[in-house]
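Q: Below is the structure I would like to discuss, written out as structure tokens.
The values are calculated or read from the model by the stated rules, or taken from the named source; none is laboratory data. The structure displayed is predicted, hence computed values, not measured ones. Counting neighbours? That spans all protein chains shown, and the Cβs are built from the backbone with ideal geometry, glycine included. Note: accessible area is taken over every heavy atom of the protein model, side chains too, but ligands, DNA and RNA are not part of it. Shrake-Rupley method; radii C 1.70, N 1.55, O 1.52, S 1.80 Å.
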Amino acid sequence: MRQVTLGSTGITVPQNAFGALPIQRVSTEMAVKLLRRAYEGGMRFFDTARAYSDSEVKVGEAFDGMREKVFIATKTGAKTPEEVRSQLEISLKNLRTDYIDIYQFHCADQCYRPGDGTGMYECMEELKKEGKIRHIGITAHKLYIAEEAIESGLYETLQYPLSYLSSEKELALVKKCKEANMGFIAMKGLAGGLINRSEAAMAFMTQFDNVLPIWGIQKEKELEEWLAFMEETPAMTEELRTYIEKEQKELTGEFCRGCGYCMPCPADIMINQCARMSLMLRRAPSKAWLTPEMQAEMKKIEGCLHCNQCMSKCPYELNTPELLQKNYEDYKKVLAGEVKVQ
């Protein structure tokens, strides 16, 4: 079983980790079952966040009484030092622990530094001295924030989207983290559901010995797939390389990753699904995307206010209103039978 070390933290764990965002969508019983099965199957790193509704609570219940056997990372979206402390106390209570292995600034919109006037980084340092957190990390969706975090030398880990659809500039972050002895935690390894061949995604990740992917899991079938790769890890074959190159040609460019940071929409549009509908219709069984319910969701695009709030919040700086309209026009053609999908 391949091991990955997260830079200067010294945290060394098996090559696949558990992304606990999706377990907020399942019952506590199911979540605990999944988390414990993940542990039994070899996973030791579990990533959650204060923003993931009851995800922390479920992680806490699953590992109550065995805290020292797992590594837990969580995040704060706080904007003031006081709020950082308040959110941490909630996280500690939820997780039934007195320390967090990696405490991360969540989807940071700036690279906090000592003396920047916010007091945010100083607060993290204090929490580390107090023993409430062991390592300081940052998660980002914007390239320049990630680059600043690496260059600053202040953070022990970077969590950033990484998949075989990543740009050359994004892939360069992996090398920069290695050179800086900074841990790289890869999120969105399936590009928000656009990648539908798991062995290709896994083979891609294993090319980087300093990358720890966290796979978002909410179903037993999904979990067993990743656990199977712990022992029999897919290698990058010529067939997989050709397949990935084909995928990159088809998908590289401006497309919605489905992260949801643009939400909520003032016009009640389900942006994170509707803005990538054309791709989902062609990369997954289309039946689920053509239901009366989804048709009603797509029709809401007609009521777009063009307020551009979604654009200002998009970490990938997409022209979201334009994407919505393009996807809606294509969707109508599919419904009319003018365009065929699977």
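Q: Among the residues in segment 129-151, are any among the basic types (Lys, Arg) and under 21 Å from GLU317 (Cβ atoms)?
A: yes
Q: For segment 302-322, what are the residues that are within 17 Å of PRO266 (Cβ to Cβ) and either open to solvent by 20 Å² or more (accessible area, probe 1.4 Å) or more than 26 Å from the chain's Cα centre (by Cα) (or both)?
A: GLU302, GLY303, CYS304, LEU305, HIS306, CYS307, ASN308, GLN309, MET311, SER312, LYS313
Q: Scan segment 262-285 and tell me whether some residue there is more than 21 Å from ILE195 (Cβ to Cβ), among the β-branched types (Val, Ile, Thr) and under 24 Å from the mean Cα position of the chain (by Cα).
A: There is at least one residue in segment 262-285 that is more than 21 Å from ILE195 (Cβ to Cβ), among the β-branched types (Val, Ile, Thr) and under 24 Å from the mean Cα position of the chain (by Cα).
Q: Can you run down the residue pairs with Cβ atoms below 9 Å, 6 or more apart or on separate chains, where the first is in segment 1-15 and over 22 Å from ILE150 (Cβ atoms) and the partner is among the basic types (Lys, Arg) and modelled with pLDDT of 95 or more?
A: Note: pairs meeting the criteria are PRO14/ARG44.
Q: Given the conditions (1) exposed (fewer than 12 other Cβ atoms within 10 Å of the Cβ); (2) touching a helix residue (DSSP H, G or I) at 6+ places or on another chain (Cβ under 7 Å), and given that ALA275 satisfies all but one, which numbered condition is not satisfied?
A: Of everything listed in (1) exposed (fewer than 12 other Cβ atoms within 10 Å of the Cβ); (2) touching a helix residue (DSSP H, G or I) at 6+ places or on another chain (Cβ under 7 Å), ALA275 misses just condition (1).
Q: What about GLU156, is it of a type in the set (Asp, Glu), surrounded by 21 or more Cβ atoms within 10 Å (Cβ to Cβ) and under 23 Å from VAL4 (Cα atoms)?
A: When the stated conditions are applied, GLU156 passes them.
Q: Considering only segment 24-141, give the helices (runs of 4 or more DSSP H) lying wholly within it that have at least 2 residues that are out of contact with any helix residue (DSSP H, G or I) (no Cβ under 7 Å at 6 or more places or on another chain) and open to solvent by 10 Å² or more (accessible area, probe 1.4 Å).
A: Helices (runs of 4 or more DSSP H) meeting the threshold: 28-40, 81-95, 120-129.
Q: Go through segment 199-218 and give me each residue that's outside any helix (DSSP H, G or I), open to solvent by less than 10 Å² (accessible area, probe 1.4 Å) and of a type in the set (A, V, I, L, M, F, W, C).
A: The answer is VAL211, LEU212, TRP215, ILE217.
Q: Let me ask you something else. For the subset of segment 323-342 comprising residues that are in contact with a Ser or Thr (Cβ under 8 Å, 6 or more places away or on another chain) and closer than 10 Å to ALA275 by Cβ, which member is most open to solvent (accessible area, probe 1.4 Å)?
A: Selected residue: LYS326.
Q: Further question on the same structure: Just give me the residues in segment 251-294 being under 17 Å from GLN342 (Cα atoms) and part of a helix (DSSP H, G or I), in sequence order.
A: If the condition is that a residue be under 17 Å from GLN342 (Cα atoms) and part of a helix (DSSP H, G or I), then MET277, SER278, LEU279, MET280, LEU281, ARG282, ARG283, SER286, LYS287, ALA288, TRP289, MET294 are the ones that fit.
Q: Might you let me know whether segment 104-116 holds any residue that is of a type in the set (Lys, Arg) and under 28 Å from LYS313 (Cβ atoms)?
A: Within segment 104-116, one or more residues are of a type in the set (Lys, Arg) and under 28 Å from LYS313 (Cβ atoms).
Q: Can you run down the residue pairs with Cβ atoms below 6 Å, 6 or more apart or on separate chains, where the first is in segment 313-342 and more than 27 Å from SER166 (Cβ to Cβ) and the partner is open to solvent by 70 Å² or more (accessible area, probe 1.4 Å)?
A: Taking only residues 6 or more apart or on different chains, the pairs are VAL339/LYS333.
Q: Go through segment 175-194 and report how many residues are assigned to a loop (DSSP other than H, G, I, E, B), at pLDDT below 95 and more than 18 Å from PHE18 (Cβ to Cβ).
A: Here the count works out to 1.
Q: Among all residue pairs at least 6 apart or on different chains, which show Cβ distances below 9 Å where the first residue, located in segment 229-252, is open to solvent by 100 Å² or more (accessible area, probe 1.4 Å) and the second is in a helix (DSSP H, G or I) and modelled with pLDDT of 90 or more?
A: none
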